[in-house]
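Read through the structure below, which is laid out as structure tokens, and then see the notes.
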Amino acid sequence: MKILVWDLPTRAFHWLFALSFLAAYLSSEDDWLTYHVTFGYSVLGLVAFRLLWGFAGTRYARFASFAYAPARALAYLRSLVERRPQQHLGHNPAGSWAIYLLLTLGALTATLGFLTLNGPQSWKWMKDVHQVMGNVTLGLAGLHVAGVIAGSLAHKENLARSMVDGYKEGAPEQGIRGSVWVVGAVLLALVAGFWTAAWRGDLPAVTDPAAKYAARHAHHKHEHEH
């Protein structure tokens, strides 16, 4: 039967994180720097929320529910290759490591972006590291998507859809009691409010550093051309 596995905060985080990172990656040009910074800050804030929810969330959102050793992840991948997939109602071992790495890389990439934007001009190398980390994170995200597709085919279930509606097949006693929709709604409202305020120019902490960096970069580019 269908049971509730993923609470709303976990689902909201998942899609907001994916959207924020992809939008930040696609808006990395100077002309889109304000958007890039807005989405980069969103990634950092969402990671902070997920770290808290990993301890305060419902059963399958907690880190304790998917604290697998690397050997377990390799064993799970082997079971997929051998067409004898291990069953996991929450995050599987391989997926759990993808989550840990995406959270880590997302936080590092956003932090490096912040330092690039606000640090001294002598830290030009920071931008290169930031870009490399962004590419690595994108590559890992691609592997994660491929893993979700492979897992969906192996288990004959739509794993992406379960992260939309929260439901999977399982025994009644395995499901969580509630979706914690209030926390999820607050998270969605905060992110939407942050985006709206940033785009309206109501957040100088976002718009001012972006504008100053773009102007400084344009000045150096002009000097180089002449």
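Quick notes
- Here the helices (runs of 4 or more DSSP H) wholly within the range 1-105 that include at least 2 residues being in contact with a Pro (Cβ under 8 Å, 6 or more places away or on another chain) and open to solvent by less than 80 Å² (accessible area, probe 1.4 Å) are 33-56, 70-81.
- All positions within the range 141-169 that are touching a Lys or Arg at 6+ places or on another chain (Cβ under 8 Å) and open to solvent by less than 40 Å² (accessible area, probe 1.4 Å): Ala154, Ser162, Met163, Gly166, Lys168
- Filtering the range 51-64 to residues that are touching a Ser or Thr at 6+ places or on another chain (Cβ under 8 Å) and not hydroxyl-bearing (Ser, Thr, Tyr) leaves Trp53, Gly57, Arg59, Ala61.
- Lone qualifier among Leu138, Leu188 - being modelled with pLDDT of 95 or more and open to solvent by less than 70 Å² (accessible area, probe 1.4 Å): Leu138
- Within the range 191-212, the set of residues being of a type in the set (Val, Ile, Thr) and surrounded by fewer than 16 Cβ atoms within 10 Å (Cβ to Cβ) comprises Thr196 only.
- So Gly193, is it within 25 Å of the chain's Cα centre (by Cα) and at pLDDT 95 or above: yes
- Residue within the range 147-156 that is more than 25 Å from Leu4 (Cα to Cα), small (Gly, Ala, Ser) and assigned to a helix (DSSP H, G or I) present: no
The values are calculated or read from the model by the stated rules, or taken from the named source; none is laboratory data. Because the structure is predicted, anything quoted here is derived from the model rather than measured. When we count neighbours, we look across all protein chains shown, and the Cβ atoms used for this are built from the backbone with ideal geometry, even at glycine. When the accessible area is computed, the model is the full protein with side chains, heavy atoms only, and any ligands, DNA or RNA have been set aside. Shrake-Rupley method; radii C 1.70, N 1.55, O 1.52, S 1.80 Å.
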